[in-house]
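Reviewing the structure listed below.
The values are calculated or read from the model by the stated rules, or taken from the named source; none is laboratory data. Predicted model only: the values in this text are computed from it and were never measured. Cβ sites come from the backbone with ideal geometry, for glycine too, and all protein chains shown count toward neighbours.
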């Protein structure tokens with residue numbers, strides 16, 4: 001790109017065309033490898049938050065990282081509204097942007113609207129570890145929640161396991177789970193069956209997926225059958241008391257999970273300590289720790305999210321957009337000192 005070109009703005013509508021589930025899985029694996037090799041530098045502190053109560057009910061979350069191998073640096077800006085009744089988290093109404101810059105010059109190169117890249121990143125980074133921790137040939141999948149995370153988890157899952165024979169799903173809203181089941185039955189040409197309870201959804205599943213935004217415990221250890229793997233998206237969807245009873249537990253980052261109140265409480269109370277953890281996911285990716293070693297293992301995958309994944313996904317979208325002529329070129333600011341010309 002010429003230094004005379006302005007920043008490339010890539011809107012949501014373009015990002016959907018520029019990043020597939022399969023590509024997101026490949027990027028997620030690459031970033032885990034970078035994490036293990038120590039080529040990612042995160043901001044300190046890793047997250048900055050502004051949470052303002054009534055009458056505004058406004059929230060800003062900011063994260064930043066530099067990926068030396070690419071190289072690219074970026075900052076993630078996320079704003080939403082939540083008054084306890086209306087919550088824009090996960091909706092297009094909230095603000096999600098990543099600003100990318102060349103780390104050699106500090107020059108901004110892109111602004112990416114990250115509604116889609118964040119949604120598919122969250123799923124890809126959490127589903128990917130099934131390559132090492134999941135059953136060899138799963139037939140039945142149980143999904144708790146039918147929102148954005150569940151939908152994208154299923155998109156990624158079928159890339160890893162094209163021979164799934166049945167999906168079971170549940171949610172608090174009978175109408176939404178029925179709609180989900182009908183849509184994905186048509187899409188996958190396999191039965192997607194609704195269930196009334198979480199236990200009925202996961203108890204006979206080879207892979208269970210907790211993809212809600214609830215702070216409540218969703219799944220309990222006795223419900224998991226021999227040989228199954230449960231995938232947990234953040235918070236405390238899987239019963240904390242059940243963690244040490246499983247054969248192997250992996251997380252994306254112990255440090256980042258320790259920033260989560262529920263996770264930190266479990267560690268500090270000795271319920272689940274660092275010594276009980278089988279591996280961080282990057283150790284599986286790099287072959288430093290084994291994955292599943294027996295068909296009857298019951299395993300848990302738990303993630304809280306790494307901003308490096310967000311930045312890598314957006315960088316991929318940016319490079320692809322340049323090649324395809326997508327996005328909106330913003331005016332070049334110029335060089336030198338700011339101010340009016342005398």
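Per-structure values
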| quantity | calculated |
| --- | --- |
| Odd one out for residue 58, checked against (1) outside the structural domain of residue 191 (by TED's automatic domain parsing); (2) touching a helix residue (DSSP H, G or I) at 6+ places or on another chain (Cβ under 8 Å) | (2) |
| Checklist (1) at pLDDT 95 or above; (2) under 18 Å from the mean Cα position of the chain (by Cα); (3) surrounded by fewer than 23 Cβ atoms within 10 Å (Cβ to Cβ) applied to residue 149, failing item | (1) |
| Evaluation of residue 298 against (1) assigned by TED's automatic domain parsing to the domain that holds residue 209; (2) within 30 Å of residue 14 (Cβ to Cβ) (one fails), failing number | (2) |
| Segment 182-193: number of residues that are touching a residue at least 24 places away in the same chain (Cβ under 8 Å) and either more than 20 Å from residue 21 (Cα to Cα) or part of a strand (DSSP E or B) (or both) | 3 |
| Test: residue in segment 3-15 that is surrounded by fewer than 13 Cβ atoms within 10 Å (Cβ to Cβ), touching a strand residue (DSSP E or B) at 6+ places or on another chain (Cβ under 8 Å), modelled with pLDDT of 95 or more and part of a strand (DSSP E or B) | no |
| Single match in 328, 281, 301 (criterion: in contact with a strand residue (DSSP E or B) (Cβ under 7 Å, 6 or more places away or on another chain) and under 23 Å from residue 98 (Cα atoms)) | 328 |
| Filter pass, residue 283 being farther than 25 Å from residue 143 by Cα, surrounded by fewer than 13 Cβ atoms within 10 Å (Cβ to Cβ) and more than 17 Å from the chain's Cα centre (by Cα) | no |
| Test: residue 224 is touching a strand residue (DSSP E or B) at 6+ places or on another chain (Cβ under 7 Å), closer than 29 Å to residue 257 by Cβ and in contact (Cβ under 8 Å) with a residue 40 or more places away in the chain | yes |
| Within segment 319-342, tally of residues that are at negative phi and touching a helix residue (DSSP H, G or I) at 6+ places or on another chain (Cβ under 9 Å) | 5 |
| Wholly within segment 73-161, strands (runs of 3 or more DSSP E) carrying at least 2 residues that are closer than 25 Å to residue 200 by Cα | 140-144 |
| Qualifying position, being within 16 Å of the chain's Cα centre (by Cα) and outside the structural domain of residue 224 (by TED's automatic domain parsing), among 38, 74, 106, 90 | 90 |
| The lone exception for residue 260 - which of (1) under 23 Å from residue 153 (Cα atoms); (2) surrounded by fewer than 22 Cβ atoms within 10 Å (Cβ to Cβ); (3) touching a helix residue (DSSP H, G or I) at 6+ places or on another chain (Cβ under 9 Å) it fails | (3) |
| Residues that are touching a helix residue (DSSP H, G or I) at 6+ places or on another chain (Cβ under 7 Å), under 28 Å from residue 26 (Cβ atoms) and not in a strand (DSSP E or B), drawn from segment 162-181 | 164 |
| Residues of segment 119-142 satisfying the condition of being buried (at least 24 other Cβ atoms within 10 Å of the Cβ) and over 21 Å from residue 297 (Cβ atoms) | 120, 121, 122, 123, 124, 125 |
| One residue from 171, 176, 203, 232 being within 26 Å of residue 262 (Cβ to Cβ) and touching a strand residue (DSSP E or B) at 6+ places or on another chain (Cβ under 7 Å) | 232 |
